[in-house]
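> Take a look at this one; I'll ask things after.
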Amino acid sequence: MTDFSMLGLKPKLLDVLKDINIETPTPIQARAIPEVMQGRDVMGLAQTGTGKTLAFGLPLMHMCYSDGSKPSPKTVRALILAPTRELVNQIADGLFPFIKGSHLKLNRVVGGVSINTQINRLERGTDILVATPGRLMDLIDRKAVRLDETTFLVLDEADQMLDMGFIHALRKLVPMLAKERQTMLFSATMSKQMNEIAQSYLSSPVRIEVSPPGKAADKIAQEVHFIPQPEKFELLKELLCDHSDELALVFARTKHGAERLSKNLQRDGFEAGSIHGNKSQGQRERTLKEAKSGKIKVLVATDVAARGIDIPAVRHVYNFELPNVPENFVHRIGRTARAGRDGKAVAFCSPTELDEFRAIEKVMKLRIPIATAASWAADGMKAEPKPKKPQGGRRGGGGRPGGPGGQPGAGKPGGRRRGGKPGGNGGAPKGSGKHASGRPPRQKQRG
């Protein structure tokens with residue numbers, strides 16, 4: 001399937017696709033849209049950035065246009081659930097051009113903004129509602145909306161929804177929907193619990209898998225630095241200076257860690273901002289807008305806040321701290337190399353994160369190239385038989401620790417070392433400031 005016109009979509013939808021210069025369906029779109037149009041339940045496995053929004057959005061809008069009727073007050077015809085505010089906004093923004101100027105009503109409901117405004121908008125009925133489970137439950141409790149006429153359900157980023165504890169909300173919400181409905185579930189990973197959800201809420205679904213679970217986008221170049229935690233901040237600054245004109249996304253594990261890291265980068269002259277759960281919706285939206293406009297060059301985020309970030313300009317993703325859940329690593333690096341672009345993902349691994357790193361490689365089914373080796377990393381890899389050390393080779397880090405092209409602790413090629421004062425999570429030496437040229441200072445190299 002190489003052309004949207006072959007999918008049987010309404011002419012209005014095809015016209016908008018042409019206006020926004022989308023000509024060819026992505027693999028998930030080409031395979032999912034025909035199945036949804038035939039009324040089948042769909043379970044789609046695809047990474048972020050593969051076009052999932054239009055894979056379910058186009059057939060939903062086609063069916064709403066075909067029906068021609070208007071929703072009753074306070075009812076919803078099609079419900080799209082997503083785990084975060086950012087993802088809800090991304091989905092709604094992606095669908096809006098297709099219904100602009102039509103009779104269809106698209107609403108979004110998220111926390112962090114006025115619930116009264118949302119109640120007023122829902123009063124007139126909604127064709128397509130994009131929502132986070134928590135705020136939707138609040139609105140149902142207030143009798144502001146009902147789902148008994150909802151005949152289409154989409155669970156987007158369903159794996160993250162489960163990770164965030166929304167399984168209880170799902171168990172309450174789904175029985176409220178019309179018994180005769182069509183359900184679509186999209187996820188980047190497929191755990192045992194995800195399979196149980198699919199069996200509970202989907203009826204004889206078509207399974208569509210465009211990339212194996214845990215597989216990163218092909219255009220993402222990856223590397224790992226085995227480095228003690230106190231030295232991470234100086235290494236991050238040095239790497240950021242290598243591409244100071246390009247947007248970078250840096251992941252921290254906690255809300256407080258993300259805020260501290262962002263402030264330390266700002267102190268040392270970087271144009272940085274942060275998004276995490278302690279930020280209001282308005283603050284998060286302003287920071288994302290600044291990142292998209294180029295005002296911010298370094299965006300520090302937590303896993304939860306980053307879901308739904310769609311900034312094609314992100315060229316570099318840094319895992320300053322590795323996630324506890326290995327599948328989240330796939331979601332993190334999926335923020336780069338979007339829409340066919342190239343991207344780079346860099347992981348920092350301290351001695352206490354070796355178990356997480358091994359789990360990540362196991363899920364991704366690949367070996368991440370090593371940029372900075374360490375003897376403690378080689379010692380920790382007990383699951384692999386150690387290859388024989390090369391005879392007479394120069395010291396320097398091309399291969400895995402202890403393997404061809406490098407010896408444990410050899411570091412980068414030429415014996416280059418990266419270091420700095422201990423700073424913990426974003427702890428840097430005080431008084432760094434900007435360089436006279438306005439460029440953040442590079443870490444002085446040591447022999």
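The values are calculated or read from the model by the stated rules, or taken from the named source; none is laboratory data. Being a predicted model, the structure only gives us computed values, none of them experimental. When we count neighbours, we look across all protein chains shown, and the Cβ atoms used for this are built from the backbone with ideal geometry, even at glycine. The protein model used for the area step is the full one, side chains on, heavy atoms only, and it has no ligands, DNA or RNA in it. Shrake-Rupley method; radii C 1.70, N 1.55, O 1.52, S 1.80 Å.
> For a 25 Å ceiling on Cα separation, which of these pairs sit above it: K289/K344; K105/K143; K12/K105; K219/K297; K143/K255; K52/K344?
K143/K255
> Out of the trypsin sites (Lys or Arg not before Pro) in segment 151-193, which ones are loop residues according to DSSP with at most 15 other C-beta atoms within 10 Å?
For trypsin sites (Lys or Arg not before Pro) across segment 151-193 that sit outside H, G, I, E and B with at most 15 neighbouring Cβ atoms in 10 Å, the list reads K179.
> Apply the a/c threshold of 1.5 to the C-alpha gyration tensor of segment 1-107 and tell me whether it is rounded, prolate or oblate.
rounded
> For segment 220-377, what size does the Cα cloud have along each of its three principal axes, sorted from largest down, in whole Å?
43, 33, 29
> On to the next question. Residue separation times 0.36 nm, minus the C-alpha to C-alpha distance between D67 and K100: what's the value?
Length gained between D67 and K100: 10.1 nm.
> Oh, and also: Counting only C-alpha contacts under 8 Å and six or more residues apart, can you give the relative contact order of segment 237-345 as a whole percent?
The normalised contact order for segment 237-345 reaches 32 percent.
> For D93 and R142, what is the calculated FRET efficiency with R₀ set at 41 Å and r taken between the beta-carbons, to the nearest 0.05?
With R0 = 41 Å, the Cβ-Cβ based efficiency is 0.95.
> Right, another one. Taking each pair of different alpha-carbon atoms in segment 1-63 once, compute 1/r for the pair, average those values, and report the inverse of that mean as the Kirkwood hydrodynamic radius in Å to one decimal.
Computed over segment 1-63, the radius equals 11.7 Å.
> Give, as ranges by residue number, the residues of segment 125-161 whose backbone N falls under 12 Å from the point 7 Å along Cα→Cβ of K172.
133-143
> Carbon and sulfur together cover what percent of the accessible area of segment 136-196 at a 1.4 Å probe radius?
After summing per-atom areas, the C and S share lands at 48 percent.
> Further question on the same structure: Largest first, please: the extent of the C-alpha atoms of segment 4-209 along each principal axis, to the nearest Å.
Sorted from largest, the Cα extents of segment 4-209 read 44, 42, 30 Å.
> Now for a different question. Enter the accessible area per residue of segment 220-377 (Å², integer; probe 1.4 Å; all protein chains in place).
Normalised by residue count, the accessible surface of segment 220-377 is 35 Å².
> Using all alpha carbons of segment 93-160, what is the percent of pairwise distances in each 10 Å bin, ordered from the shortest bin to the longest?
Spelled out bin by bin, segment 93-160 gives 17, 53, 29, 1 percent.
> With a 1.4 Å probe and all protein chains in place, put I22, I208 in order of accessible area, largest first.
My answer, sorted largest first, is I22, I208.
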